[in-house]
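Report on one structure; see the data block that follows.
Please treat every number below as a calculation from the coordinates, not as lab data. Since the model is a prediction, treat every value here as computed from it, not as a measurement. Every residue, glycine as well, gets a Cβ built from its backbone with ideal geometry; the counts of neighbours run over all protein chains shown.
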């Protein structure tokens, strides 16, 4: 599955991207600059992209990699919260839990016969 960084940057917007960089010690401008540089260099290989973005922004490759990871996490959150995918996953979880509960109850009923109960 391909990760379209430019689509993520567009979907998240500069405000959210600015907040994403705060835990990394980045100011909003720096976060946005890193995100846009990642989108611009997305066609390069992973390591080459990190080097190019680090050179463009004056930040370390570690910071660039951390920001890329954070953008991926935010994209996943947005997908789960703002699209039908999240509802589908939640529905599947509820169905699975119900099935496990039903199976457990049936197993307990079966154990009742082992101890002289019916």
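Using a ≥ b ≥ c from the Cα gyration tensor of the range 1-67 (square roots of the eigenvalues), is it rounded, prolate or oblate, where a/c under 1.5 gives rounded and otherwise the larger of a/b and b/c decides, a/b for prolate? Verdict is oblate for the range 1-67. A simple packing score, the average count of other Cβ atoms within 10 Å per residue, orders the peptides 17-29, 40-52 as 17-29, 40-52, with the highest score first. The residues 32, 100, when put in order of fewest to most other Cβ atoms within 10 Å, stand as 100, 32.
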